[in-house]
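Data block below; observations after.
The values are calculated or read from the model by the stated rules, or taken from the named source; none is laboratory data. Since we're looking at a predicted model, the values are computed, not measured. Heads up, the Cβs are rebuilt from the backbone with ideal geometry, glycines too, and the neighbour counts pull from every protein chain shown.
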Amino acid sequence: MTLPDRLKFGVFLAPFHWLGENPTLGLERNMELLQWLDHLGFDEAWIGEHHSAGWETISSPELFIAAAAERTKHIKLGTGVISLPYHHPLMVANRMVQLDHMTRGRVMMGVGPGALVSDAYMLGIDPPTQRPRMDEALGIVIRLLTETEPITCKSDWFTLQEARIHLRPFTQPHFPIAVAAAQSPSGMMLAGKHGAGVLSVSALRGGGSVNQLSEFWKISEEVAAEHGNTMRREEWRLVVPAFIAETRKEAVEQARLGAARYQRDYFEDTMGFDKVYDGPADKIIDHMVDEGAWCVGTPDDLVDTINRLDGESGGFGGMLVQVTEWANREQMLHSYELIARYVMPQFQGSLVNLAASQVWAAEKRQELMALRKTSLDKAQQVYAERR
């Protein structure tokens, strides 16, 4: 076991909402979920940025975080992620610093190149330029957060003239920063270059594919060393598609139709990804669970998945549930409750002393009951003597 003593738990909220449903109520359900997670004791939530394709309806994670911060007390709120090539880096830095103050240090910044090609297309951005621009923008944002002297810089897509951020960060030296990483090592390399954390969006891999988590982490460490940085596993978060119920059969049946729509209607028929299963849509969930690409089952199944990822990665610091609406509202909320009640304690050290105390009491029960009987007999004797 290479996990930290207290593994962080959270969610990765794109979000994904069905077409044909009231989008205003969808956003309200997202807000309700964050309040529920805050109540359950989840550590963090990362909120996405998307501008096209109909399903992922939050275009400004900063706006959503500002509202969520007013409705929650403890949970940390991150951008998951800001698509840096879409924004001037000075504006990104200023907005995040403002949120850092407004949340009293509960904000985190996740960044990426932009997940949807359709977003970049609408903005007139050539997709091959997105990762280099993200690298360039992230370097400037970090400089703005850490330097006090004005910065002058001219790029082929932005200009800074004697620029500095207006407010210094509330969190010192600045709020946590994480880079999104998916199926290529580019995100891990950027995290190493800039000394940032990592959000591994495609942590589970099915179909017998070669696990790349430990390999990618080594790459990030090598790049970090080249730039004088140190990667910290406790700032590595893995995103897992998961849905939990009391039994595995219940979980699969409750999520069957929703999971099919999520995969086939959106990722395949809208986004254009290859089919993961060449068969009826309602059998996709069985295939993905059997292949180990999704965790749909009981709390014990999620515990096993986390332990498997621990072994494959060599250790990480946070487990993020990919927020979906595979089942109905009540079933989805119950899934997070089961995770909080039965999964989180297994990885946060909160059961160790309780279990040890129970074992100790059970082993000494005869001796302790004898002491109790002696005490009661003495009390009865004292009472009788006073009469």
Checklist entry - So which residues in the stretch 64-106 are among the small types (Gly, Ala, Ser) and buried (at least 17 other Cβ atoms within 10 Å of the Cβ), if there are any at all? => result ALA66, ALA68, ALA69, GLY78, GLY80, SER83, ALA93
Next on the checklist: Restricting to the stretch 162-176, name every residue that is assigned to a loop (DSSP other than H, G, I, E, B), more than 27 Å from the chain's Cα centre (by Cα) and charged (D, E, K, R).
Outcome noted: ARG164
Checklist entry - Which residues, counting only those in the stretch 305-363, are in contact with a helix residue (DSSP H, G or I) (Cβ under 6 Å, 6 or more places away or on another chain), among the small types (Gly, Ala, Ser) and surrounded by 19 or more Cβ atoms within 10 Å (Cβ to Cβ)? => result SER313, ALA327
Checklist entry - What do you reckon, is ASP119 assigned by TED's automatic domain parsing to the domain that holds LEU77 and either out of contact with any helix residue (DSSP H, G or I) (no Cβ under 9 Å at 6 or more places or on another chain) or more than 20 Å from ALA14 (Cβ to Cβ) (or both)? => result no
Checklist entry - For GLU367, are the conditions met, namely being acidic (Asp, Glu) and either in contact with a Leu (Cβ under 7 Å, 6 or more places away or on another chain) or not in a helix (DSSP H, G or I) (or both)? => result no
Checklist entry - Only one of these conditions is not met by LEU167: (1) of a type outside the set (Ser, Thr, Tyr); (2) modelled with pLDDT of 90 or more; (3) under 19 Å from ALA115 (Cα atoms). Which number is it? => result (3)
Next on the checklist: Among the residues that make up the stretch 215-234, is at least one of them among the β-branched types (Val, Ile, Thr), more than 22 Å from GLY10 (Cβ to Cβ) and over 23 Å from the mean Cα position of the chain (by Cα)?
Outcome noted: yes
Item to check | Verdict on GLU385 being of a type outside the set (A, V, I, L, M), within 30 Å of ALA245 (Cα to Cα) and not in a loop (DSSP other than H, G, I, E, B) | outcome: no
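Table: residues versus (1) loosely packed, with under 14 Cβ neighbours inside 10 Å; (2) part of a loop (DSSP other than H, G, I, E, B); (3) at positive phi; (4) at pLDDT 95 or above.
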| site | (1), (2), (3), (4) |
| --- | --- |
| THR24 | yes, no, no, yes |
| MET31 | no, no, no, yes |
| LEU34 | no, no, no, yes |
| TRP46 | no, no, no, yes |
| HIS51 | no, yes, no, yes |
| GLU62 | no, no, no, yes |
Checklist entry - Any idea which of GLN212, GLN183 is of a type in the set (S, T, N, Q), buried (at least 18 other Cβ atoms within 10 Å of the Cβ) and at pLDDT below 95? => result GLN212
Checklist outcome for this item: Taking first residues from the stretch 1-13 that are within 21 Å of SER335 (Cα to Cα) and second residues anywhere that are of a type in the set (Phe, Trp, Tyr) and not in a strand (DSSP E or B), the pairs with Cβ under 6 Å that are 6 or more apart or on different chains are LEU7/PHE347; PHE9/PHE42; GLY10/PHE42
Checklist outcome for this item: Screening TRP36, TRP55 for residues that are aromatic (Phe, Trp, Tyr), over 30 Å from ARG131 (Cα atoms) and under 20 Å from the mean Cα position of the chain (by Cα) leaves only TRP36
